[in-house]
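Here's the structure we're looking at; comments come further down.
Just so you know, all these numbers are worked out from the coordinates, no wet-lab data involved. Quick caveat: nothing in here was measured; it's all calculated off a predicted structure. Quick reminder, even Gly has a Cβ in these numbers, built from the backbone with ideal geometry, and neighbours come from all protein chains shown.
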Amino acid sequence: MPVWFGLTAALFVVFLIVGHGIAEATVKRRRAREGHRRGSGRRSVRGGESGHGRVNAAPERERRPSAPVDSFPYTKQEFFVSDYELEFYHKLAQMVAGRAVVLVKVKLDDLFGVTGADPGRMHWDRISRRHVDFLVCASKTLIPLFGVELNDGSHRSNDARERERFKDGVFAAADVRLLRCAGQDAVAMERFAAEVELLLCDVPNVVSRVDDRSEWSVGGVSS
């Protein structure tokens, strides 16, 4: 038998042994990684216990802990409105006294609804975390008449102006007037009071269109 044939056979055997060893090492590493992955996360099966669902491994640290149902870590805010807002509220309440009432910090999603389709609640979410500073309503019916935004120093940033444009668009789309008062100096308040008077001219018509009764009964007591 030629020498070269023997060498070739020997090399072939060596290659078989080395290849087998590499394959076993690869399998062991793969199993080790899978075991580590199963141990580091909790398996959750979607679709029931039949095994037809998808298995997800989610590390515990990524899950937000849930608060106990009997835990209420809340406290009352010391002030509901700022001193500046309180001063303006009293001025506005005096302007509309006997004809309308003033509500404070009314959420837009309580005041407005979304018309048509709203995929993913996109339009609803845009108003769900916003409010109007003051809402003037008819005294007997609480029908919204117009909103009021008090533009103080916090309204000068670009973000604040963008929020103002958004609120203007929402009120305009719902056909509700939104007044803005630039300050509480004499000139600004005189101009603002004139705008309020113009809008309050429609208050009797609003009340009569809703209910023609001369008396309202609340809890069995006539007012």
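Computed quantities for the displayed model
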item: Residue exposure sequence - CYS201, CYS181, CYS137 - by fewest surrounding Cβ within 10 Å; result: CYS201, CYS137, CYS181
item: Point-to-point label distance, SER128-GLU87, nm (Cα→Cβ direction, 7 Å offset); result: 3.7
item: Residues LEU142, LEU92, sorted so that the one with the fewest Cβ neighbours within 10 Å comes first; result: LEU142, LEU92
item: Extension gain, LEU198 back to VAL176 (0.36 nm per residue minus Cα-Cα distance, nm); result: 6.5 nm
item: Gyration tensor over alpha-carbon atoms, the range 83-210, equivalent ellipsoid semi-axes in Å; result: 24, 21, 12
item: Stretchable slack from SER157 to VAL187, in nm (0.36 nm times residue separation minus alpha-carbon distance); result: 8.4 nm
item: Exposure proxy order (Cβ contacts within 10 Å, fewest to most) of THR115, THR75; result: THR75, THR115
item: Calculated FRET value between PHE72 and LEU142, using beta carbons and R₀ = 22 Å, to 0.05; result: 0.10
